[in-house]
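Report on the following structure.
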Amino acid sequence: MRDRRPPRGAAAAENALVLPGRAWSGESALVAELKDRLPDAWTSLYDAHYRQLYRYAFARVGDRETAEDIAATVFSRALTAIDSYRCTGRPLLAWLYGIARNVLSEHRRRPAALPWRREGREESGTDSDPVRFADSIDLRDALARLTADQREAIILRYVVGLSAREAGAVLGRPEGAVYSLQSRALAALRRYLRVT
C-alpha cells in the first residue's frame, strides 16, 4: 500500500518547484495560482520557460521572428487553456511543449515563404557566412528526414537542452526510450550528412 502522506524533509524539497522570483510547494500550487491568473505566477512561468520554447520553435522553423511569435503564442494559448489543465504527473513544461507542437503544426499548414528566400532577411548570424548557412540548410534537411519522434528527441535534447528524463516527460516516453531514439537519430544524421 502506498503512503499518501505529504513528503517531508529532502522529499519535500525534491517536490518543491522553484521558478525565477518565486518557489511553490509543488506544481499543483503553481497551477492553482496560474488558474487564478496571478501575474507573478505567469511571469515566473514565462521567465523560466520562454527561452526553451523559443529554442524549440527556432529549431523547427529556422527564423528568429517566427520562433519568437510561436513561443509567445504558446503562453497566450496556455493562459486561455489553463482552466482545462489537470495535474496528471507529467510536468507543466510537457503541457507547454504540447501546445508548442500544435502551434508549430498550424504554422506549417500555412503557406509561407522559406526564411532564406524572404526579402529583407537579416544579414547577421549564420546567414552572413555562406558556408555556415549552407551547413544549417543541410542539417535542417537531414533533420527533416528523421522520424517525427527522433527529430523531437534530438531537438529537445540538443537544441532545448532538456535531460533525457525531461524529454521523456514531454514525449510521453520512458527515459530509456529517449536514449534509444537519440541514438538512432544520431546514427541516421551521420549517414545523411556523411559524417565519420
- Matching option when the condition is modelled with pLDDT under 80, surrounded by fewer than 18 Cβ atoms within 10 Å (Cβ to Cβ) and either small (Gly, Ala, Ser) or in contact with a strand residue (DSSP E or B) (Cβ under 7 Å, 6 or more places away or on another chain) (or both), among Ala16, Ala72: Ala16
- Message: Just to verify a result, which residue in region 137-165, among those that are in contact with a Leu (Cβ under 7 Å, 6 or more places away or on another chain) and in contact (Cβ under 8 Å) with a residue 60 or more places away in the chain, is farthest from Tyr97 (Cα to Cα)?
- Response: Leu162
- Query: Here is a list of conditions, (1) of a type in the set (S, T, N, Q); (2) more than 24 Å from Ala71 (Cβ to Cβ); (3) under 17 Å from the mean Cα position of the chain (by Cα), and Ser183 meets all of them except one; can you say which number that is?
  - Reply: (3)
- Message: For the structure I just gave you, tell me whether Tyr158 is modelled with pLDDT of 80 or more, assigned to a helix (DSSP H, G or I), of a type in the set (Ser, Thr, Tyr) and more than 16 Å from Arg60 (Cα to Cα).
- Response: no
- Just checking, which of Gly120, Gly89 is outside the structural domain of Glu166 (by TED's automatic domain parsing), over 29 Å from Gln150 (Cβ atoms) and at pLDDT below 90? Gly120
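The values are calculated or read from the model by the stated rules, or taken from the named source; none is laboratory data. Just so we're clear, the structure is a prediction, and the values are computed from it rather than from any experiment. Cβ coordinates were reconstructed from backbone atoms using ideal geometry, including for glycine residues, and neighbour counts include every protein chain displayed.
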